Structures are given as structure tokens and as C-alpha cells.
Amino acid sequence: MIRAVVLAAEEQGWEVYGIERSYDGLFEDDGVYRLDRASVRGITHLGGTILGTTNRGNPLHWPVTKADGSVEYEDRSEVVIDALKRHGIDALVAIGGDGSLSIAHALFQQGLKVVGVPKTIDNDLAATNLTFGFQTAVETATDAIDRLHSTAQAHERVMVIELMGRHAGWIALYAGVAGTADVVLIPEIPYDIEHVCAKIEARYHVGRRGFAIVVVAEGAYPKGGEPRFKRKDGGQVRLGGVAEEVAIEIFERTKRETRSLVLGHLQRGGSPNAYDRLLALRFGSAAVKLIREGDFGCMVALDPPNVLAVPLGQAISHIKTVPLDSDVVETARNLGICLGD
Ligand code: F6P
């Protein structure tokens, strides 16, 4: 994405600067530096970002410790806009998920020329069919599910794997169906553990050796219950633990040997697949086009087969969850995959 922005902007005769660690770099020595053709050579196949990032320190909700030790939150958006001006930046390309793009939207409303690019493995941004990073995460998760089959089959076990997805079960559903899971639990469908166990029992009565694969999104929760979180981290809720909980409940009810694991940040790592590379390059090139045409306050979005512009306000208006009438949900049901309901 960064490479596409730099190359397309250079074609326009513009200079591009990278800001390290989201907006933090604006306030650090050497935190803003020139990006040119040479500095973005050979980065297309790399995961992560050459600029670094953070999901803390929202400038709209900046923690300030008072003399008495209490913490109050301030809106520092004006400070950010002033810093951008000081650095001579005319337009900003903001890359990220709902958090980053909400900040970008607020800065736009205060007069900053900004365009957004949707990037999150969660695929939960509204107004775009896909965010880049999602396809690679699904591939990694599917590969992990494939590998779990070895132990599940050999030991006749139930293997429960927890995948990322706080409010939306895109990764779990897509990887679960592609990886031929028996049960897929997503935040959009609160689960009934009895139904999950019934499916698992049925699975043990197919063929000579039974086993089962259960895929759980980290934000999945039982009917009448709540998502599991490990801890609160600087005001942010860290989800996690649902796979273990589900595994214990399955064992208690079925007495089938059960193991659980959390795939965690492995889903966010590694080289992006060809689909994500191409999508990121298309988004970067489209972002430069928006700047060229003065289309600020917009996000580039995939509306297959096209990349177009949508208002940032629309993109952040709500979390894009898995529609319950989507064909992938229907496919899962038609294949006999238990969705917990
Ligand atoms: O933004 C995507 C996401 O991967 C979520 O699915 C997950 O809950 C979260 O990030 C993890 O964040 P952190 O890296 O801060 O633990």
C-alpha cells in the first residue's frame, strides 16, 4: 500500500512523507521522513508496516495524568493538525481499521485533507467488501485448521481453535468453512453448548475413528452470556479465553478428549498473499487518485470488481458483522457445520 502511494504520488510530482507509529511520529525527532522510490523498494511482500503502528494513544481521547494522579482525557486533534502543518503536509493518507479511520474522520471534520484506506484482518469495516489483510489471515487460519486435523484424527480428539474477531466472525467463518470444521462459533450467533456437543457426538459416530474440529471467534459468546476477556489493558478490553472455556464444557459434557489453542497474532503475521498485495496496491493507487481529484473525507473501498470512494463517515458508521443471511452462512449450514444455534 505504502509503495503504491509513493510511486503513484511521485508520478504526480508530489513528495511523500511517512509518519512513524501512527500520529506519534509527528512529535518525535526523525518521526516524519521522506519516502521515495528507493525507500519502498522490495516491501510489497512484507507483512506489518515499514512505518510501525500503535492501537493506543488515540489523539481524540488522549490520557493526561493530573497533579493528583487522576487521569483525564483530552481531544488533541488540533495539536495533530498543527503538527502536520508544521511538517508541511498538505494531505494525509490514513490506513487502518475503525479506530484509525474514526480519528481520520474527526481530523477531516476539523479541516484536514485526508483520505482513508481500509486495512484490518478483521474485515469489519462498513462500506467496503474487503479490507486488506483479511484474505491472508484466513489463509493462515485455514492452514492452522488443516494442521490440527493430524492430531484430531490420530488421537480421536476434539480440537478447539480460537481465531481473531472481536465483534465480527469473518475470519472464523471463512477459515472454518474452508478448513472443513465441524463447529464454527461467531459473535453474530450466540451459541448453545448443548447443540455444539450434539454435533460433536454425531461426528464421533461417523466412520471408525471420530474426531471434531471446533473453530471459535474470540468474541463468540454463549446464549445469555457475554464475550470472555482476559484483562483490561490501559482501558482496552483484551478478549480471549473462549476456546478454553468451550473445550472444558465439551469435555465435561461428552467426556471426549479435548484440547484448545489460540492462534493469536500469528494471524497478523507473515507475507501477504497475492490477493492482499494486489488489493493493497489498488487501494494505494486509488488513494492518490482521490487526493488528485480533491475527494477528501473519503475512504477507498472495494465494490467488486471496482475500487471506489465512500465517505469516511459511512465507513465508520457501524461494525460490518457477518450477515446471517449471507451465502457463506448458508453454505456452512448446508454442509452440516454447526453454528451453535
Ligand atoms: O484489529 C484486529 C485485531 O486483530 C482483533 O481481532 C484483535 O482482538 C486485536 O486486533 C488484538 O489486538 P492487540 O494486538 O492489541 O492484542
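The values are calculated or read from the model by the stated rules, or taken from the named source; none is laboratory data. Bear in mind that the values here come from a model prediction, so they are computed numbers and not experimental data. With ideal geometry, Cβ positions are generated from the backbone for all residues, glycine too; neighbour counts draw on all protein chains shown. Heavy atoms of the whole protein, side chains included, go into the accessibility calculation; ligands, DNA and RNA do not. Shrake-Rupley method; radii C 1.70, N 1.55, O 1.52, S 1.80 Å.
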Explain nothing, just compute: Karplus ³J(HN,Hα) = 6.51 cos²θ - 1.76 cosθ + 1.60, θ = phi - 60°, for every residue of the stretch 281-293 in order, whole Hz, x for Gly and Pro.
5, 5, 5, x, 5, 5, 5, 5, 4, 4, 5, 4, 8
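Output the peptides 67-74, 291-298, 169-176, 140-147 sorted from most to least packed, where packing is the average of other Cβ atoms within 10 Å over each peptide's residues.
Result, highest mean first: 169-176, 140-147, 291-298, 67-74.
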Sticking with the crude label model, points 7 Å out along Cα→Cβ, report the distance from E194 to K223 in nm, one decimal please.
0.8 nm
Using θ = phi - 60° and the Karplus curve 6.51 cos²θ - 1.76 cosθ + 1.60, what whole-Hz ³J(HN,Hα) does each residue of the stretch 55-71 get, with Gly and Pro shown as x?
10, 10, x, 4, x, 7, 9, 8, x, 10, 7, 7, 4, 7, x, 6, 10
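If I compute solvent accessible area with a 1.4 Å probe over the protein chains, what percent of it on the chain is carbon and sulfur?
48 percent
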Need the full-extension length gain, S150 to E201, defined as separation in residues times 0.36 nm minus the C-alpha distance. One decimal, nm.
16.4 nm
For the chain, whose charge dipole is built from +1 on Lys and Arg Cβ atoms and -1 on Asp and Glu Cβ atoms, the candidate among A91, I189, T140 with its Cα farthest towards the positive end is T140
Placed amide H near L239: partners under 5 Å, 5+ positions off or other chain
K230
Dipole in debye (nearest 20) - the chain, about Cα centre, beta carbon charges: Lys, Arg +1; Asp, Glu -1
700 debye
Scalar couplings 3J(HN,Hα) for the stretch 138-144 by Karplus 6.51 cos²θ - 1.76 cosθ + 1.60 (θ = phi - 60°), nearest whole Hz, x for Gly and Pro, are 5, 5, 4, 5, 5, 4, 5
Spin-label point model (7 Å from Cα, Cβ direction): what's the D143 to E10 distance in nm?
3.0 nm
Before rounding to the nearest 500, sum -39500 (n - 2.57) across all DSSP H runs of length at least 4 in the chain and divide by the residue total; then give [θ] at 222 nm in deg cm²/dmol.
-11000 deg cm²/dmol
Given unit charges at Cβ for Lys, Arg (+) and Asp, Glu (-), the dipole magnitude of the stretch 138-267 about its Cα centre in debye, nearest 20, is 220 debye
Given a Förster distance of 22 angstrom, what is the FRET efficiency for V71 paired with Q110, based on the Cβ-Cβ distance and rounded to 0.05?
0.35
Taking a cut-off of 14 Å between Cα atoms, list the aspartates and glutamates near K119, but don't count ones fewer than 8 places away on the same chain.
D98, D276
Search the structure for amide H atoms under 5 Å from the amide H of L92, placed 1.01 Å from N in the peptide plane, and list their residues when 5 or more places away or on another chain.
K113, V114, V115
